[in-house]
Amino acid sequence: MLEYKGLMELKDVFFFGLTEPKVNELKLYFSRSKMSDTPERLIIDKKEFGDSYSINADKNSPIIQIDFQSYIAYSVRNESFTVWDDYEEFEGMIFRVYKKSRYLDFVSVGTFATEDFPGPFKHYGISCLDHIVDIVTISEPVVTEVKR
């Protein structure tokens, strides 16, 4: 079994989806990525930018499964509609643990969750290629790798 902290230095992952196997229990699925060895010409609006290399799901690596026994809130956003925010403070690269975030602020205003009830909670964020996943929870994530 892996630890979430062990994922915090990974780069470029894809979000493959989520399930709620029981009420308020969450399973998330991610794939490592691999850069193509074959260059492709990058052309935008008839302007050429030279060679580029696509980033694709690594079909040879296992799926990363992250389980949360419970959650206060979660969301999935289209990565194309997000911007960098210097207000936020976190550890990690793609897999993050936030100390301060707009999502924590949203949960504080939009729910009655506090440090007293249901208890101390954290914001875990995964900044994937194409998606941003946010989870606020009192439970520690359980990370496993599963065969494709």
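Here are a few things to note about the model shown:
- Of the set (1) more than 24 Å from SER33 (Cα to Cα); (2) surrounded by 12 or more Cβ atoms within 10 Å (Cβ to Cβ), all apply to PHE112 but (2).
- For region 105-143, a residue qualifies if it is part of a helix (DSSP H, G or I) and not polar (S, T, N, Q), and the qualifying residues are ASP105, PHE106, VAL107, VAL109, GLY110.
- Residue in region 89-101 that is among the polar types (S, T, N, Q) and at pLDDT 95 or above present: yes
- Taking region 31-54 as the range and being assigned to a strand (DSSP E or B) and either hydroxyl-bearing (Ser, Thr, Tyr) or touching a Phe, Trp or Tyr at 6+ places or on another chain (Cβ under 6 Å) (or both) as the test, the residues that pass are SER31, SER33, MET35, LEU42, SER52.
- Apart from one condition, GLN65 fits all of (1) part of a loop (DSSP other than H, G, I, E, B); (2) touching a residue at least 12 places away in the same chain (Cβ under 8 Å); the exception is (1).
- Contacts under 8 angstrom Cβ, first residue in region 1-26 being of a type in the set (Ser, Thr, Tyr), partner surrounded by 15 or more Cβ atoms within 10 Å (Cβ to Cβ) and outside any strand (DSSP E or B), 6 or more apart: TYR4/PRO141
The values are calculated or read from the model by the stated rules, or taken from the named source; none is laboratory data. Computed from a predicted structure; not experimentally measured. FYI the Cβ positions are ideal-geometry reconstructions off the backbone, even for glycines, and counts take in every protein chain you see.
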